[in-house]
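Structure first, commentary second.
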Amino acid sequence: MDNYGFLKVAAAIPHLHVGDCDYNTERMAALAEQAAQRGAEIVVFPELSVTAYTCGDLLLQPTLLDAADAALEELVRATRKLPLTLIAGAPLRHGSALYNCAVVMSQGRVLGVVPKIHIPNYAEFYEDRWFASGAGITDEQIDVAGQQADFGADLTFAVSGAEFGIEICEDLWTAMPPSSQTALNGAQVIFNLSASPESIGKHAYLRQLVAQQSARILGAYVYCSAGFGESSTDLVFSGNAFIAENGALLRTAERFSMEEQLVVADVDIERIDFERRRNTSFRMNAAATENTVIEMEVPEGLRSAALDRSVDPHPFVPQDPTHRNERCEEIFQIQSHGLAQRLAHTGCQCAVVGISGGLDSTLALLVTARTFDKLGLDRSGIIGITMPGFGTTDRTYNNALELMRGLGVTIREIPIRDACLQHFRDIGLDPADRSAAYENCQARERTQILMDVANMTGGLVIGTGDLSELALGWATYNGDQMSMYGVNASVPKTLVRHLVQWAADTEPDAATRATLLDVVDTPVSPELLPADADGKIAQKTEDLVGPYELHDFFLYNFLRAGYGPAKILFLAEQAFAGSYDSATIERWLRVFIRRFFSQQFKRSAMPDGPKVGSVALSPRGDWRMPSDAAAAMWLAELE
C-alpha cells in the first residue's frame, strides 16, 4: 500500500530494573515486538535503557559494562526478524573513555552508534563523572554487541525513504542543539533518548522545547524519556514521550504511568520536505557541514491503513475553545488594523459596504465598524447599502437592515431589479433566461452602485469576498470579485462562520446578537435566482459547488501542505469518515481542482487585502500562478 509519504515512528518506555541488563533488554524486545505489530518502522527507547540511567558509580564497573554489551548482543539477536529499526541507549567503552550512546540496530545488525555530545555537570546532573563527550568523533569504529559498527556524532541513518538523526537528552537543552545542524544536513526526523527527571513546571517547558525544536528544524522530533523503574533515591522519572512535527505535538505519553507505554505516530516526511523546499532560510543554511549517512533496507512491515495521527477536518478553525476565542480576536485585529492603515493613508473617513444579510458581508461590516472605532471615527461614516434583487429573501433582507441598525451605520436601500431589467432589454437578454448573464448582471450592478456611491462620498468600497470563494472562483469577475480593499480575502468560509459566531457571543446588544446568530444559521447563497414558492432561498451555494468544509480542507492541504490530489483524498477519507463517503469526497475534490485552475484569472486581478493566516492567494504574495495552467495532471492523479 502507498504510505503517502508517512513514516510510522514509536517511542517506547519499558519497565526497568536498575543494573539488570537482561531484564531491561527483555522488556525492550517485547515492546519492539509490539511496535512492529503496530506497523512502526523505527522505535526509540530512553537514555541508557539497557542499564537504566540511575546506576551512578556502578556505570564504572566492568561487570555492568560487560553485562550491558552482552545484553545488547541478545537484543540484536532477539529483534533480528522484526521489520523495524530500533534505537537503544547504552554505556559503551571506546578507547580509554566511556560514552553515553544510542545504538541503532536492524535485522540482526548494529548499524551505527551515536555518542552524547553535551555531558552535564550541574544540579542533579553530573554525568561527566562517568562519561566523555562525543563531540568531534567521526569516521571511527566501535566494538559493540559482538560486531564492529560506525561510531560518530555525525551519523545519520536512511530508512524507508526518510533520513533520521539522533541526539541524547542534554543535547536538546543547549543553546545550539546538534539536531539543528543534523536537520540542515538532511535528517527529517530526530530521535532523542532521554532520562530527564520531573520537577515543578518543567513538563510544560519540555513540551514547548520539543515542539519548538521540531518547528525550528522543519521536521519531526521524537522524544523518549525514562519512566517507572528508574531509581527514585533523589529523583523521579515520569516517562515523558512526545512525537512532534513542524511545531505541533502529534502524540504524548501519559505521565507517571505505572504501565509500560508505546507512543506511536505517523510523521509526514512529504510535508517536511515541502516545508524545507519552500523555506529559503532553511535552504540557505543547508549542508553547511558533512555527515555520514548509513543506509539500510528494512522489509515491509505491518503498516495498517489507519493513520496514527489526527487529521483535522477543519484545519483553519482552532478546536480548543479558548484558543479559538483568542484566534478570533486576533483575526479581527489584523483585519481592522489593515483597513485602518488604508483609510488613514487615503484620508478617507467614509467606507461603503454592500450588505446582503449573509456571512461574508456581515463579517466585513463588523470589521469596518471596529476599524472606525479604532480610528475614532463616527460609525455614521460607514454607508451600508442593501440592494434587493431577484433572489433576495425576506430573511436576508431583514437581517441586513437589523444588522446595520444595531451597529449604528448609515443605511441605504437601493433595489436593483429595475436597473437589471433595463440592462436585459439593452443587451437583448430574455429575463426568463436564467443563465450566467442573468446572475452576473446583478452582481455587477451592485458593484457599480457601491463604486459610484464611494465616488460620491469620497469613500472606499470594502470587499466582502472570502478566501474559499477566491479559491473556487465563486465570484463574478468585475462584480463582487472587485473592491477597493478586501478585508476577508484570506479568511476561509469555515472560519468566517466562527468569526461571526464569536462576534455574536461577545455582542452586548441582545437584538444585534440575535441577528448575528440568524446570519450564522442562514444557508450560504448568492441569492441571484428567485426564491422558492415559500419565499425561501432556492439557490444554495453548497448544493452547487460542494460543501465548504470539504473545499477548505482541500485548499489547506493543497496550498499549505503541498499535497497532491491522491494524498488529499486519502486524508479527507480519514478526516470525514462518517460524514462523507469516498465517492462524495472525490467528486467535490475534482470540482475543487478544476475550478482552482480555471479561475486563477480572477485571483490575478484581485484587490489588496490583509493576509490573516498561513494560506493566502494574493498574486503579489503567497500564490503566483499563470491563469492558463492546466489541471490535467492533478486530475489524472485521482484516477
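The numbers here are math on the coordinates, done by the rules we state, and not lab data. The model shown is predicted, which means the values in this text are computed figures rather than measured ones. Note that each Cβ is placed from the backbone with ideal geometry, even for glycine, and that neighbours are counted across all protein chains shown.
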Checklist line | Principal-axis tilt of helix 321-346 within the chain, Cα atoms, nearest 10 degrees | finding: 50 degrees
Note to self: Which one, F45, G381, I137, is farthest towards the positive end of the dipole of the chain when Lys and Arg carry +1 and Asp and Glu -1 on their Cβ?
What the structure shows: G381
Note to self: If I stretch the segment between Q448 and H345 completely, what's the gain in nm (0.36 nm per residue apart, minus their alpha carbon distance), one decimal?
What the structure shows: 34.7 nm
Check: Expressed as cubic angstrom per residue, what is the convex hull volume of the alpha carbon set of segment 496-580?
Finding: 147 Å³
Notebook entry, point to check: Can you give the angle from 0 to 90° between the axis of helix 21-37 and the longest principal axis of the chain, with both taken from C-alpha atoms, to the nearest 10?
Noted result: 30 degrees
Note to self: Are there any trypsin sites (Lys or Arg not before Pro) in segment 528-571 that are in a DSSP loop and have at most 16 other Cβ atoms within 10 Å? List them by number.
What the structure shows: K536, K540
Next item on the list: Before rounding to the nearest 500, sum -39500 (n - 2.57) across all DSSP H runs of length at least 4 in the chain and divide by the residue total; then give [θ] at 222 nm in deg cm²/dmol.
Entry: -12000 deg cm²/dmol
Margin query: Could you work out the relative contact order of the chain? I mean the mean sequence separation of Cα pairs under 8 Å and 6+ apart, divided by the number of residues, in percent.
Written below: 11 percent
Note to self: Charges at C-beta only: +1 for Lys and Arg, -1 for Asp and Glu. How large is the resulting dipole of segment 7-295 about its Cα centre, in Debye rounded to 20?
What the structure shows: 860 debye
Next item on the list: Express the relative contact order of segment 320-464 as a whole percentage, based on alpha carbon pairs under 8 Å and six or more residues apart in sequence.
Entry: 29 percent
Check: Taking all pairs of different Cα atoms in the chain, averaging 1/r and flipping that mean, what Kirkwood radius in angstroms comes out?
Finding: 27.7 Å
Next item on the list: Can you find, among L499, G406, F553, the residue farthest towards the positive end of the dipole of the chain? Put +1 on the C-beta of Lys and Arg, -1 on that of Asp and Glu.
Entry: G406
Margin query: Placing unit charges on C-beta atoms (Lys and Arg positive, Asp and Glu negative, everything else neutral), compute the dipole magnitude of the chain about its Cα centre in debye, rounded to 20.
Written below: 1980 debye
Item checked: Extreme residue, positive dipole direction of the chain, given options L206, S483, L470 (C-beta unit charges) -> S483
Check: Using 0.36 nm per residue, how much length does the chain from L421 to H203 gain when fully extended, once their Cα-Cα distance is taken away?
Finding: 71.6 nm
Next item on the list: Send over the Kirkwood Rh of segment 321-541, from the inverse of the averaged 1/r over different Cα pairs, rounded to one decimal Å.
Entry: 17.6 Å
Check: Out of segment 70-128, which GluC sites (Glu not before Pro) are coil in DSSP terms and have no more than 11 other C-beta atoms within 10 Å?
Finding: E124
Notebook entry, point to check: Which semi-axes, in whole Å and largest first, does the equivalent ellipsoid of segment 7-295 have when worked out from the alpha carbon gyration tensor as the square roots of 5 times its eigenvalues?
Noted result: 26, 21, 19
Item checked: About the Cα centre, charge dipole magnitude for segment 555-618 (Lys/Arg +1, Asp/Glu -1 at Cβ), debye -> 240 debye
Margin query: Could you work out the pair-distance distribution P(r) of segment 209-267 from its alpha-carbon pairs, with 5 angstrom bin width and percents rounded to whole numbers?
Written below: 4, 21, 25, 19, 14, 11, 5, 1
Notebook entry, point to check: Given H placed 1.01 Å from N in the peptide plane, which residues other than close sequence neighbours of L111 have an amide H under 5 Å from its amide H?
Noted result: V104, M105, S106
